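Okay, structure first, notes after.
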Amino acid sequence: MRLVQTITDLDDIDRGASAAIGNFDGVHRGHQAVIDLARDTAQQLACPLGVVTFEPHPRQYFAPTAPAFRLMNAATKAHRLEKLGVDRVYQVPFNAALAELTPREFAEKVLAHGLGLRHVVIGSDFCFGKGRAGTAADLVRFGEELGFGVTVADLLTFRDGNRPVSSTRIRAALSDGRPRDAMAMLGHWHRIDGPVLHGEKRGRTLGYPTANMGLDGLHLPKLGVYAVEVDVLTGPHAGRYHGVASLGVRPMFGENSANLESFLFDFSGDLYDAELSVALVDYLRPEMTFDGIDALIVQMDQDSRRARELLAQL
């Protein structure tokens, strides 16, 4: 997969793709359906399969001080798209110049001339250009004028047949502590990716050494304890492990910034600075405070047993 982070002076190898367009936060089943349509056209045209996305997310650009909402960062998104077989990820810089383009200018300067796309696939709710003034029907018309094909995909429905899969609904499921419902809409476990950070190392003294990860910029799932599946992506201990994780602010120790602390079952070794991908599988309980360290350890033992039982069923 090639990551393209500009819309000017592209190499010929990066032009001429059939590309799905959108923010693709979470790369959920609805996004995957749009990408599959672009894949079908790429095969028909014998051209690369691409995805056009924007960085930062337009919502971040227009409301930089709003609460964090992203389900995944740019690197995680690109990794997920690579797993889906995408050949080109066009990570278009979202800046003041792009925000001011009219819908016609966006179609011409970005899609046709900038990226040189042969075909684009969008969801039926796709809006683009200054003030989100452009509609799917507009892009069909612009494509006819500018020489690229356009496919408009219906919104994918989930479970009851009349509610579309959306990043908003996935965030709600995670906020409610329903990771399996989120997984059903995503088509994969919701994962938190990043490097292992140096922490207070309290877990070692409790018999539960943990790998600590930051959550900056990401939507916070319901705080509490989870059964998790952990992929160690780099380093000598690379592999997949089961475990239990605390996602929260550690009220027992007076902390106030949320992080993710994962204890890997049947693991021994140093994970500092390794890249981890932690999948939230089941919500076990909310954050709690305890009368003392002994009571905390008893609860952690119970959490671990419960997590092992649930993960054994995967």
(message) Tell me whether the stretch 58-69 contains one or more residues that are among the polar types (S, T, N, Q) and under 13 Å from the mean Cα position of the chain (by Cα).
(response) no
(message) Just checking, does the stretch 241-248 include any residue being surrounded by fewer than 17 Cβ atoms within 10 Å (Cβ to Cβ) and either at pLDDT 95 or above or touching a strand residue (DSSP E or B) at 6+ places or on another chain (Cβ under 9 Å) (or both)?
(response) no
(request) State yes or no: is F94 buried (at least 20 other Cβ atoms within 10 Å of the Cβ) and not assigned by TED's automatic domain parsing to the domain that holds L220? (result) no
(request) Among the numbered conditions (1) crowded, with 21+ Cβ neighbours inside 10 Å; (2) at pLDDT 95 or above, tell me where L10 comes up short. (result) (1)
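If you scan the stretch 113-151, which residues turn out to be in a strand (DSSP E or B) and more than 22 Å from Q44 (Cβ to Cβ)? First the steps, then the outcome.
We begin by selecting, within the stretch 113-151, every residue in a strand (DSSP E or B); these are 119-123, 128, 134, 149-151.
Result: F128, G134.
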(request) Report, by residue number, each residue of the stretch 288-312 that is closer than 26 Å to R240 by Cα and not small (G, A, S). (result) I297, Q299, M300, D301, Q302, D303, R305, R306, R308, E309, L310, L311
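The values are calculated or read from the model by the stated rules, or taken from the named source; none is laboratory data. The structure displayed is predicted, hence computed values, not measured ones. Heads up, the Cβs are rebuilt from the backbone with ideal geometry, glycines too, and the neighbour counts pull from every protein chain shown.
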